[in-house]
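Trainee: Just passing along the structure, written as structure tokens.
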Amino acid sequence: MTKASLVVASNRGPVSISVGSDGEEETVRGGGGLVSGMQVALDSAGDAVWVCASMTDRERSVARRSAGRPLEFSAGDAGGGDFDVVMIPIDGVTFRQAYNGIANATLWFVLHMLFEPTRRPLFDAAWRRQWAAYQRYNQSFADAVDRLAESGATVMVQDYHLFLLPALLRERRPDLKIGFFTHTPWVSPDYFGLLPDDVAHDILSGMLGADVVGFHTWRWAEQFQQCCQAVFGKVPDDQLKVYGLTADLDEMNSRGQQADVRSAARELREEIGDRLVIGRVDRAELSKNVYRGLLAYRELLHRWPHWQGRVVHAVFDNPSREDIPEYREYTAAVERLGREIDEEFGTDDWTPLLLTIEQDYPSALAALTLTDVVFINSVRDGMNLVAFEAVLLSERDPVMVLSRETGAADVLGADAILVNPYDVGQTAEALNQALVTALGDREGSDDSAARRTARLREAATQLPPAKWFDEQLRQVRSAAEQTS
Ligand code: F6P
């Protein structure tokens, strides 16, 4: 195959491979904020190849069969993207140790401060084997990118699965222009220092192999800088940049109008009636803090009982990373708490909580179209793209209750009620205040709600994916030219 002038590398690619009802393999569009963001961006980038991992046994066998050539699928399956996709056939053990053990159960936990440190983290011999798998996994990406990138190509590396890749590529291919973007938050040197010293060192120097290291907000970039100071005794010069990804207005408008979303919205409206809707859509994921969110909703119904019967909390939780025990246990706890709320408050004609823990994309989007109060209380979140999507999809004038620990708080904070995600009492108060505002907006006669919505919508689209990507490409290329 011909080599590419632009290579994107990420763990999860833009397509996944499954078996259809006819027993045939089918290639379908993958999920997640990273995927939808990059996909729109690449549509306008021209000659590009997207390198990703094979994540299941089926994908591994397809990847082995394709022997390094691009996958064959119709453009429609990949959301219309005009670019090649190469899946790397990483063996199952290496993949699981790197993805589950290191990326998601260690690095994700560090970056989102999810450990309960009396028992975890724990760096023993078994963990070291997983770390060796993470190194091999990064090496496989380096091999593939090396093979696919033409001389002087630009390589855009995504996220915490590939922290080591920029330095590996730099060493092997000094001709490449390399960008690295981390979609997660960053943490203080104290928390980052939970990692073994050599690992902390290798992660930072791995990322700094890139010409530009990008973050969603300055808050994360500054914490990264402090970690560099702590580990190397100095900070990187001009390598760190901020590109706060937001949503794409046209994409959201067209999604909101799709027939399956409209019909799901009609069904939901029938179920909810004209009650106010507190809506949230997340991956079923510890950092999203759904458990404390439900505790706050329960406290709201206790402290302000007049909302009983007048509000419905619609929660769509898309199952995620179910191979990791902490995720399964957390989701089970969310389900239990959901049942308790239902038993405590539910009546014959009012269901206080609609909790859906399954992948139902049309209904999740439909819920956002009906949402009066957008509820996001992540313990920590690189950005939180749902915040922007909700603002664009809601057909009310949405009021936002938003965790101050999200990147999105930097973008929408001026028109949101910000909360400390650990403070359930404060979050319940914020929900009450939001409902009061939403009710006032419904009954109000001035245009203050419409003005708030206009400001939120403008902020939610300030750096849509294509622009976000173009901006990075430009700066990576110019930074690389200056150093060459
Ligand atoms: O937040 C980082 C991120 O890469 C998101 O962009 C994406 O939605 C999510 O993690 C993907 O997680 P996974 O691929 O493990 O489902």
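Bear in mind that the values in this text are calculations on the coordinates, not laboratory data. Small disclaimer: the values here were computed from a predicted structure and weren't measured. For neighbour counting, all protein chains shown are included, and Cβ atoms are generated from backbone atoms with ideal geometry for every residue, glycine included.
Trainee: What is the Cα centroid distance between region 272-327 and region 201-225, reported in whole angstrom?
Mentor: After rounding, the separation between the Cα centres reads 33 Å.
Trainee: Please tell me the relative contact order of region 395-484 in percent, rounded to the nearest whole number, where contacts are Cα pairs under 8 Å and at least six residues apart.
Mentor: It rounds to 27 percent for region 395-484.
Trainee: Using a ≥ b ≥ c from the Cα gyration tensor of region 414-473 (square roots of the eigenvalues), is it rounded, prolate or oblate, where a/c under 1.5 gives rounded and otherwise the larger of a/b and b/c decides, a/b for prolate?
Mentor: oblate
Trainee: If you don't mind, another one. Of all beta bridges DSSP finds with both residues in the chain, what is the antiparallel percent, to the nearest 5?
Mentor: 10 percent
Trainee: Let me ask another. Taking neighbour Cβ counts within 10 Å as the exposure measure, how do M383, M55 sort from fewest upward?
Mentor: Fewest to most other Cβ atoms nearby, the residues stand as M55, M383.
Trainee: Further question: Just to confirm the filter: which GluC sites (Glu not before Pro) across region 358-420 are DSSP coil and have at most 14 other Cβ within 10 angstrom of their Cβ?
Mentor: E358, E395
Trainee: Only helices at least 15 Å long along their own axis, judged from Cα atoms, and with Kyte-Doolittle mean hydropathy of -0.5 or greater: name those in the chain from DSSP H.
Mentor: Answer set is 33-43, 197-207, 218-232, 290-303, 424-443.
Trainee: What number, in percent, do you get for the relative contact order of the chain if the mean sequence gap of Cα pairs under 8 Å and at least 6 apart is divided by its residue count?
Mentor: 15 percent
Trainee: Shifting gears a bit: Can you tell me how much longer the chain between R65 and D22 gets when fully stretched, taken as 0.36 nm per residue apart minus their C-alpha distance, in nm with one decimal?
Mentor: Here the answer is 13.4 nm.
Trainee: Just want the ordering: I90, I203, from fewest to most Cβ atoms lying within 10 Å of their own Cβ.
Mentor: With the fewest neighbours first, I90, I203 line up as I203, I90.
Trainee: I need to check one value: relative contact order of region 218-324, counting alpha carbon pairs closer than 8 Å and at least 6 residues apart, in percent.
Mentor: 26 percent
Trainee: About the Cα centre of the chain, what is the dipole size in debye to 20, counting +1 per Lys and Arg Cβ and -1 per Asp and Glu Cβ, all else neutral?
Mentor: For this selection, approximately 1080 debye.
Trainee: What is the distance, in nm, between label points placed 7 Å from the Cα along the Cα-to-Cβ direction at L122 and at E458?
Mentor: Result for the modelled spin labels: 5.4 nm.
Trainee: Nothing charged except the Cβ atoms of Lys and Arg (+1) and of Asp and Glu (-1): what's the magnitude of the dipole of region 131-284 about its Cα centre? Round to the nearest 20 debye.
Mentor: 100 debye
Trainee: Which of the three applies to region 236-323, rounded, prolate or oblate, going by the alpha-carbon gyration tensor with a ≥ b ≥ c and a/c under 1.5 meaning rounded?
Mentor: Oblate.
Trainee: Let me ask something additional. Spin-label point model (7 Å from Cα, Cβ direction): what's the S263 to D197 distance in nm?
Mentor: 6.3 nm
Trainee: Please say if region 83-159 is rounded, prolate or oblate, where rounded means a/c under 1.5 for a ≥ b ≥ c the square roots of the C-alpha gyration tensor eigenvalues, and otherwise the choice is prolate for a/b larger than b/c and oblate otherwise?
Mentor: Prolate, because a/c is 1.5 or more and a/b exceeds b/c.
Trainee: How about region 153-239: which trypsin sites (Lys or Arg not before Pro) there lie in a loop by DSSP and see at most 12 other Cβ atoms within 10 Å?
Mentor: Sites meeting the loop and neighbour criteria: K234.
Trainee: Given R₀ = 41 Å, FRET efficiency for A333-S484 by Cβ-Cβ distance, to 0.05?
Mentor: Result of the calculation: an efficiency of 0.20.
Trainee: Also, I was wondering about something else. Going by how many other Cβ atoms sit within 10 Å of their own, how do D317, D381, D211 line up, fewest first?
Mentor: Fewest to most other Cβ atoms nearby, the residues stand as D317, D211, D381.
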